[in-house]
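In what follows, a single structure is set out as C-alpha cells and then discussed.
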There are 2 protein chains.
Amino acid sequence: MPNPDPSPIRPTDDDARHLAQGLIRQTKYAALAVLMPETGAPMVSRIAFATTPDREPLTLISDLSAHTKALVHDPQCSILVGEPGERGDPLTHPRLTLQARATFIRKGARGHDALRAHYLSATPKATLYVDFADFAFVRFAVSEAYLNGGFGKAFHLTPTDLGL
Amino acid sequence: MPNPDPSPIRPTDDDARHLAQGLIRQTKYAALAVLMPETGAPMVSRIAFATTPDREPLTLISDLSAHTKALVHDPQCSILVGEPGERGDPLTHPRLTLQARATFIRKGARGHDALRAHYLSATPKATLYVDFADFAFVRFAVSEAYLNGGFGKAFHLTPTDLGL
C-alpha cells in the first residue's frame, strides 16, 4: 500500500518557527544523545533542560555521569525536546531535534556566576547541587534542527529560525 | 562543595531488575539515538515503542524518516525509555538507557505476519499505516542497559537482568 502522506520536508513558515521556539522555551527536561568514547556508539539519556539569557539551550550536569564524560571527549550531540502529555498519541505530539555542540562553563569561568543566577531563578531546586564540585553548566550551540509537528509534518530549521 | 552522593554504580538487585523490566513493558514511546550517515554525529528522535513476544524492544518506523535511513546505514543505537508524568521532578523519575543493534523485519520476511498481529493487538491505531510500503518493524538486540532510578541511583544491567 503506498503511503498517501510520504512526509516530505515542508517549507519553513512562521507557525513552524513559533512552535519550535515554544518547545525550547517551555521544556524542563530533554533526551541527550552523545557518542560513547570507548565504542563510538550513540547513547541517549535524560538531562535537565533550560535556556541561557540568549535563549541558547543549557543544562547542568555532573562529571560523574556517562553523558558528561562523553561530551568532554566529543562535544557533538543531539537533543530531543517536546514531551507528550499523559493523554493523546505521543507520535502526534510536536517535538524538536537539535543538532548541537556542547561547551562547558565551570565555576570560575567567565559568565559562570550570571548563568548560575539565571539558572536558579528558573530551577530553584537545583540550589541543592549546583555548587557540588562535579557539576558544570553546558550550553549547546545549535547548528540545525528538525521539527516534527506530528505525522507527516516535518521541517528543517536553522538557528535563525529558532531565534538564535 | 563535595557532592555527598557521588552516584556510584550500585550492585544490581531484584528491585533494579523489576524496575527496568517494568519500564520496558509499560513504555509506549521512546527516544532513539542513531548515528547520522553523512556526519557520524548522534541524532535523537521519538519513536513508538513496543515489545516482541520475547520481550525484545520493537518499533515500527518509516523509510522516509532520518532515523530509519541512519539505522539502515549503521544498526548501532541507543533507546531511552521511562517518561516522567506531568507532576514531580523529571530527573527523579526512573529511566532506562538501552544500548542495542537494530534488525529490520520487512513485509514478506519470516516472522513478519506474526509480529504484525502482535504489534496491532497492543497498538491498534497503527492499523492506519502498518501496511504502507515504507513502514517496517525493527527489533532491537540489547547488549547492555543503564538504569537511573533517580538522583544517585545508577545501575548497569545485562540482557539477562532484563529477562532477554
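Where a number appears in this text, it was derived from the coordinates with a stated rule and is not lab data. Fair warning: this is a prediction, and the values are worked out from it, not measured in the lab. Cβ placement follows ideal geometry from the backbone for every residue including glycine, while neighbour counts extend to all protein chains displayed.
If both residues of a DSSP beta bridge must be in the stretch A:9-157, then about 95% of such bridges are antiparallel. Per the Kirkwood formula applied to alpha carbons, chain A shows a radius of gyration over Rh ratio, Rg over Rh, of 1.00. Annotation for the stretch A:91-127 versus the stretch B:105-153: alpha-carbon center distance of 34 Å.
The convex hull of the Cα atoms of the stretch A:25-84, projected and averaged over all directions, covers 4.3 nm².
Neighbours of residue B:51 by Cβ distance under 12 Å: Lys/Arg scored +1, Asp/Glu scored -1, total +2. Sorted shortest first, the separations between the residue A:108 label point and its copies elsewhere in the assembly read 6.3 nm; each point sits 7 Å from Cα along the Cα-to-Cβ line.
Most simply put, the protein assembly as shown has about 95% antiparallel DSSP beta bridges, counting only bridges with both residues inside it. The residues neighbouring residue A:71, those whose beta-carbon lies less than 15 Å from its own, together hold a net charge of +1 under the Lys/Arg +1, Asp/Glu -1 convention. With the label put 7 angstrom out from Cα along the Cα-to-Cβ vector, residue A:53 ends up 6.2 nm from the copy partners, going from closest to farthest. Counting only other chain Cβ atoms within 10 Å of each residue's Cβ, the peptide A:146-158 averages 1.
Between residue B:120 and residue B:144, full extension at 0.36 nm per residue minus the direct alpha carbon distance yields a gain of 5.9 nm.
In this assembly of identical copies, the label point of residue B:159 (Cα plus 7 Å along Cα-to-Cβ) is separated from its counterparts by 4.2 nm, sorted shortest first. Peptides A:40-46, B:21-27 ranked from most to least packed by the mean count of surrounding Cβ atoms within 10 Å: A:40-46, B:21-27. For the set A:153/B:125; B:28/B:153; A:153/B:153; A:125/B:125; A:125/B:28; A:28/A:69, the pairs lying more than 28 angstrom apart at their alpha carbons are A:153/B:153; A:125/B:125; A:125/B:28. With the convex hull of the Cα atoms taken as the outline of the protein assembly as shown, the averaged projected area works out to 16.5 nm². Compared with the dominant principal axis of the Cα atoms in chain A, helix A:112-122 is inclined by about 60°.
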